[in-house]
Amino acid sequence: MYLTDRSAPPKAGAGQGPRRGPGRKVAPVVLVLGTVSLITDISSEMVTAVLPLYLVTTLGFSPLGFGTLDGVYNGVSALVQLTGGHLADRIRNHKLLAGLGYGLSALCKPLLLLAGSIGTLGAVLALERTGKGLRTAPRDAMISLSTPAAKQGRAFGVHRAMDTTGAMLGPLAAFLILRAAVDGYDAVFGVSACVAALGVLVLVLFVPGRKRGGTSEDASTPAGAGLPQGKQPVRLREALALLRVPRMRALAGCAALLGLTTVSDAFVYLLLQRRAGIGEEWFPLLPLGTAAVFLLLAVPFGALADRIGRRTVFLAGHAVLLAAYALLLWAPATSALPVLVLALHGTFYAATDGVLPAALADIVPSHLRASGLAIVGTSQALARFCCSLAFGAAWTLWGDGPALAGSAIGLLCCALVASMVLRPADGTR
């Protein structure tokens with residue numbers, strides 16, 4: 001049981017494709033999907049950057065109330081991922097499911113203008129996350145199926161780098177809008193809706209769809225990556241049977257275990273603002289620091305994972321996150337603290353976010369790829385949902401320091417367990 005520590009030799013039906021020329025190139029569909037994610041992340045991160053402060057300072061939510069909404073924000077998408085992944089494999093049209101997900105998220109952005117209570121906000125955020133849950137597994141499946149197994153880390157690194165470019169531009173746009181507009185939060189939500197609609201348009205026009213009479217999702221999908229013609233659609237029982245595969249079960253279990261002690265981004269930024277005494281007007285720029293580091297390191301870390309082992313890079317990323325928690329707990333509140341914490345936070349994402357789905361290339365057959373991605377993503381997201389609820393409750397009861405200290409101790413213990421579970425059977429890295 002291990003995190004596809006090295007790229008295994010090609011296996012029949014595992015999504016291998018023909019060589020594509022120079023080793024550094026990625027499939028065109030990866031670049032197009034990266035563009036869609038870039039635009040969509042501008043929209044999403046505009047909202048994410050201001051939402052914690054908007055809820056806590058403007059609407060007066062307690063940390064527990066915010067933790068509940070933040071848990072809904074992540075937990076709903078986790079539950080829907082299974083549905084989105086299975087349906088994409090069943091109807092053999094990943095683009096359709098991804099498009100429905102992007103469209104639903106775009107429709108929810110204007111509704112934030114009308115939501116002013118925890119109930120209505122929770123409903124809108126749940127619908128928005130439903131869209132994210134529908135699109136994530138089909139989108140990642142298109143990336144995975146268009147890329148040879150030995151280059152999965154690089155392909156996901158390129159996509160995540162483009163996605164993170166949007167994550168950088170979103171908070172910057174929110175910051176500028178808040179400074180320029182009279183009704184700053186309403187303006188942020190309105191502009192976010194327009195940008196989200198543009199992302200859906202790019203997906204519809206430029207992402208290749210399923211070939212007529214074929215099973216491939218796009219022109220770059222390797223021959224035979226889909227189900228052979230005439231074969232019965234994928235059944236739910238077949239998708240769930242993936243959990244009988246020891247390597248798949250270990251990967252999903254460790255993703256969940258580590259997610260239980262991974263404090264959400266919003267809480268990290270709130271803790272950093274309080275710890276470093278950052279003014280509210282600068283709060284939307286905090287995600288920009290994380291995104292900048294993620295952008296710089298996503299592709300190099302993806303390629304490194306392909307070369308030295310995905311397990312090694314994945315676990316090292318969580319060690320870096322533990323260092324960020326330690327700084328928030330014990331480092332003096334100097335001007336260097338935000339820089340160091342955000343740099344470590346971005347490094348954590350660069351070492352884990354694309355490496356985890358890349359690890360599935362050698363485990364899950366191509367016709368179940370979206371389902372496999374959904375199972376692992378759901379296990380991780382549900383764990384983070386639980387972490388948000390628990391962290392918000394701990395902050396409310398005991399304060400932010402003890403809550404973070406508990407998360408740090410838990411992360412250390414879970415990382416040690418994961419390093420044992422994901423250890424290769426032959427003793428290599």
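The values are calculated or read from the model by the stated rules, or taken from the named source; none is laboratory data. This is a predicted model, so every value here is computed, not measured. Cβ coordinates were reconstructed from backbone atoms using ideal geometry, including for glycine residues, and neighbour counts include every protein chain displayed.
For Gly392, state whether it is crowded, with 24+ Cβ neighbours inside 10 Å and over 20 Å from the mean Cα position of the chain (by Cα).
Values: crowded, with 24+ Cβ neighbours inside 10 Å: yes; over 20 Å from the mean Cα position of the chain (by Cα): yes.
The answer is yes for Gly392.
Looking at Arg154 and the list (1) touching a Leu at 6+ places or on another chain (Cβ under 9 Å); (2) crowded, with 24+ Cβ neighbours inside 10 Å, which single condition is not satisfied?
Going through (1) touching a Leu at 6+ places or on another chain (Cβ under 9 Å); (2) crowded, with 24+ Cβ neighbours inside 10 Å one by one, Arg154 breaks only (1).
For Asp218, indicate whether it is modelled with pLDDT under 75, surrounded by fewer than 20 Cβ atoms within 10 Å (Cβ to Cβ) and acidic (Asp, Glu). Walk me through it before giving the result.
Numbers: modelled with pLDDT under 75: yes; surrounded by fewer than 20 Cβ atoms within 10 Å (Cβ to Cβ): no; acidic (Asp, Glu): yes.
No.
Only one of Asp140, Asp186 is of a type outside the set (A, V, I, L, M) and at pLDDT below 85; which? Write out each step before concluding.
On the way: Asp140 fails: at pLDDT below 85.
The unique qualifying residue is Asp186.
Do you know which residues across the range 348-402 are over 18 Å from Ser144 (Cα atoms) and polar (S, T, N, Q)?
The answer is Ser379, Gln380, Ser388, Thr396.
Scan Gly302, Gly410 and give me the residue that is in a helix (DSSP H, G or I), closer than 21 Å to Arg139 by Cβ and either at pLDDT below 95 or out of contact with any Asp or Glu (no Cβ under 6 Å at 6 or more places or on another chain) (or both).
Values: Gly410 fails: closer than 21 Å to Arg139 by Cβ.
Criteria check complete, one pass: Gly302.
Scan the range 317-348 for residues that are farther than 17 Å from Ala408 by Cβ, assigned to a helix (DSSP H, G or I) and among the hydrophobic types (A, V, I, L, M, F, W, C) and jot them down.
First, the residues of the range 317-348 that are farther than 17 Å from Ala408 by Cβ: 332-336, 338-339, 342-343, 346.
Narrowing further to those that are assigned to a helix (DSSP H, G or I): 336, 338-339, 342-343, 346.
Scanning the range 317-348 gives Ala336, Val339, Leu342, Ala343.
Taking the options Ala381, Ala359, name whichever one is in contact with a Lys or Arg (Cβ under 6 Å, 6 or more places away or on another chain) and part of a helix (DSSP H, G or I). Quick ask: steps written out before the conclusion?
Details: Ala381 fails: in contact with a Lys or Arg (Cβ under 6 Å, 6 or more places away or on another chain).
Selected residue: Ala359, the only one of Ala381, Ala359 that is in contact with a Lys or Arg (Cβ under 6 Å, 6 or more places away or on another chain) and part of a helix (DSSP H, G or I).
Let's see how each residue does on (1) without any contact (Cβ under 8 Å) to a residue 12 or more places away in the chain; (2) over 24 Å from Leu382 (Cβ atoms); (3) surrounded by 24 or more Cβ atoms within 10 Å (Cβ to Cβ):
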residue	(1), (2), (3)
Gly65	no, no, no
Thr83	no, no, no
Ala88	no, no, yes
Gly99	no, yes, no
Ala115	yes, yes, no
Gly119	yes, no, no
Thr130	no, no, no
Leu134	no, no, yes
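Go through the range 113-169 residue by residue and tally those that are within 24 Å of Leu389 (Cβ to Cβ), in a helix (DSSP H, G or I) and either over 15 Å from the mean Cα position of the chain (by Cα) or acidic (Asp, Glu) (or both).
11
Need at least 3 residues that are within 20 Å of the chain's Cα centre (by Cα) per element, so show me which helices (runs of 4 or more DSSP H) inside the range 232-290 make the cut, counting only ones lying wholly within it.
Details: elements: 236-240, 246-259, 265-276.
Once the helices (runs of 4 or more DSSP H) in the range 232-290 are filtered for at least 3 residues that are within 20 Å of the chain's Cα centre (by Cα), what remains is 246-259, 265-276.
State yes or no: is Ala418 out of contact with any strand residue (DSSP E or B) (no Cβ under 8 Å at 6 or more places or on another chain), at pLDDT 85 or above, assigned to a helix (DSSP H, G or I) and surrounded by fewer than 24 Cβ atoms within 10 Å (Cβ to Cβ)? Before the answer, list the steps.
Numbers: out of contact with any strand residue (DSSP E or B) (no Cβ under 8 Å at 6 or more places or on another chain): yes; at pLDDT 85 or above: yes; assigned to a helix (DSSP H, G or I): yes; surrounded by fewer than 24 Cβ atoms within 10 Å (Cβ to Cβ): yes.
Considered against the rule, which asks whether it is out of contact with any strand residue (DSSP E or B) (no Cβ under 8 Å at 6 or more places or on another chain), at pLDDT 85 or above, assigned to a helix (DSSP H, G or I) and surrounded by fewer than 24 Cβ atoms within 10 Å (Cβ to Cβ), Ala418 comes out as yes.
If you go through the range 8-26 one residue at a time, do you hit one that is at pLDDT 50 or above, surrounded by fewer than 20 Cβ atoms within 10 Å (Cβ to Cβ) and not basic (Lys, Arg)? Walk me through how you get there before you give the answer.
So in the range 8-26, the residues at pLDDT 50 or above come out as 24-26.
So of that shortlist, the ones also surrounded by fewer than 20 Cβ atoms within 10 Å (Cβ to Cβ) come out as 24-25.
Next, from what is left, pick out any that are not basic (Lys, Arg): none.
Scanning the range 8-26 turns up no residue that is at pLDDT 50 or above, surrounded by fewer than 20 Cβ atoms within 10 Å (Cβ to Cβ) and not basic (Lys, Arg).
Identify the residue in the range 385-399 that is at pLDDT 90 or above and of a type outside the set (A, V, I, L, M) and, among all such residues, is farthest from Tyr325 (Cα to Cα).
This residue is Trp398.
Can you run down the residue pairs with Cβ atoms below 9 Å, 6 or more apart or on separate chains, where the first is in the range 408-429 and closer than 20 Å to Leu304 by Cα and the partner is among the hydroxyl-bearing types (Ser, Thr, Tyr) and modelled with pLDDT under 85?
Correct list of pairs: Leu422/Tyr2; Arg423/Tyr2; Pro424/Tyr2; Thr428/Tyr2.
Give me the residue from the range 45-63 that is of a type outside the set (A, V, I, L, M) and surrounded by 23 or more Cβ atoms within 10 Å (Cβ to Cβ) and, out of that set, modelled with the highest pLDDT. Before you say what the answer is, go through the steps one by one.
So in the range 45-63, the residues of a type outside the set (A, V, I, L, M) come out as 45, 48, 52, 54, 57-58, 60-63.
If we keep only those that are surrounded by 23 or more Cβ atoms within 10 Å (Cβ to Cβ) as well, we get 45, 52.
Values: Glu45: 85, Pro52: 74.
Here the residue is Glu45.
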